[in-house]
Amino acid sequence: MSLTAVRDSKGERQWTSISGGATPTVGRILTYAVLIGLSIVVLAPVVWAVLSSFKSQTELAQIPPSPLPGALRTENYSEALGSFDFGTYLKNSAVVTVGATLLTVVINTMCAYGLAKYNFRGRNALFLIVLGTIMIPLQLIFIPVYQMAAQLGLVNSLWGLIIPPAATPTGVFLLRQFMLTIPDDLIDAARIDGAGEFRIFARIVVPLCGAAIAVVTIFSVMWRWNDFLWPLIISQDQSKYTLPVALAQFNSQLVAPFNYILAMSVVSMIPVVVIFLVLQRHIVRGVANTGLK
């Protein structure tokens, strides 16, 4: 925030922002300082990983570590791509992420619409049950879910990575809270005009929930793209591995090639970062409006 000095009607110097606003208070300055500090804390590991992906194994083992690489070793990326079946794992991650996200958005949106706009006995109790599942650790239900997946023939297939975690209580909660802000009169007017229930849902409710759907989408993409434990359990063939599982197997070699691992980790971050940058405006608006009624 830039400051400039101006003189008032009495000729005394006063400080104001360059945009002509009021003088920043101590509280605002401290707020910005804390936010900048937290941003540095969050971004520092990412910047360190990107810089380290251009280092050699010797530089990575150096003590004390050097913040900058001695030379940009772009061959870390080319050699890793050559010795690492990156295309197969990238395709698996993309298929699982896109398929699971689409399924999650469809299921959660329909469930949230029913809980928000239909009055039926036990609606609030059902919503509380959905919320209660948030408190159940995923690791606790892996065994029964795996048994169900095995009975359905989903083990060692990409469908086993897409279908079981499709419905998420967090997504249902966010979408329901957002749908509560949609006036019931709008839906009643559509019914009077002869619109069917599915048409009301698809042509009126879904477009109005674009911001909330964007929030659920980015959360689902980040979860599915970075998920490790469930793909590790359900995938028994290396050709079905996703990127996180493949990187972990890459790390299990006798001498772990950390320069290659860092290079592939940086590459795997790019899709999520791009999606977040594209949807960030909708994400902020969706989170801000969720819960307003």
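Nothing in this text is a laboratory measurement; each read-out follows from the coordinates by a stated rule. Here the structure is a predicted model, which means the values were calculated and not measured. Every residue, glycine as well, gets a Cβ built from its backbone with ideal geometry; the counts of neighbours run over all protein chains shown.
If I compute percent of Cα pairs over 37 Å apart from the structure I just sent, which labelled value in (1) 16; (2) 6; (3) 37 lines up? The calculated read-out lines up with (3). Among CYS209, CYS111, sorting on how many other beta-carbon atoms sit within 10 Å of each Cβ, with the fewest leading, yields CYS111, CYS209.
For the stretch 99-139, chymotrypsin sites (Phe, Trp or Tyr not before Pro) meeting the loop criterion (DSSP other than H, G, I, E, B) and having at most 11 other Cβ atoms within 10 Å: TYR118, PHE120.
Secondary-structure-derived ellipticity at 222 nm for the chain, considering helices only, amounts to -20000 deg cm²/dmol, per-run term -39500 (n - 2.57) for DSSP H runs with n ≥ 4. Here the contact order of the chain, divided by its residue count and restricted to Cα pairs under 8 Å and six or more residues apart, works out to 26 percent. In the stretch 79-289, taking the dipole from charged Cβ atoms about the Cα centre, the farthest positive-side position among VAL105, ILE200, VAL274 is held by ILE200.
Backbone geometry of the stretch 93-107 corresponds, through the Karplus equation with coefficients 6.51, -1.76 and 1.60 at θ = phi - 60°, to 3J(HN,Hα) couplings of 5, 5, 5, 5, 5, 5, x, 5, 5, 4, 5, 5, 5, 5, 5 Hz, x marking Gly and Pro.
Normalised by the number of residues in the stretch 162-274, the mean separation of alpha-carbon contacts (under 8 Å, six or more apart) gives a relative contact order of 19 percent. In order along the stretch 161-170, phi translates into HN-Hα couplings of 8, 8, 6, x, x, 5, 8, 10, x, 5 Hz, rounded to whole numbers, per the Karplus curve 6.51 cos²θ - 1.76 cosθ + 1.60 with θ = phi - 60° and x for Gly and Pro. Placing unit charges on the Cβ atoms only, positive for Lys and Arg and negative for Asp and Glu, gives the stretch 79-289 a dipole magnitude near 380 debye about its Cα centre. Sequence-ordered 3J(HN,Hα) estimates for the stretch 70-84 from the Karplus curve with 6.51, -1.76 and 1.60 and θ = phi - 60° stand at x, 8, 6, 8, 5, 5, 4, 6, 5, 5, 5, 5, x, 9, 10 Hz, glycine and proline given as x.
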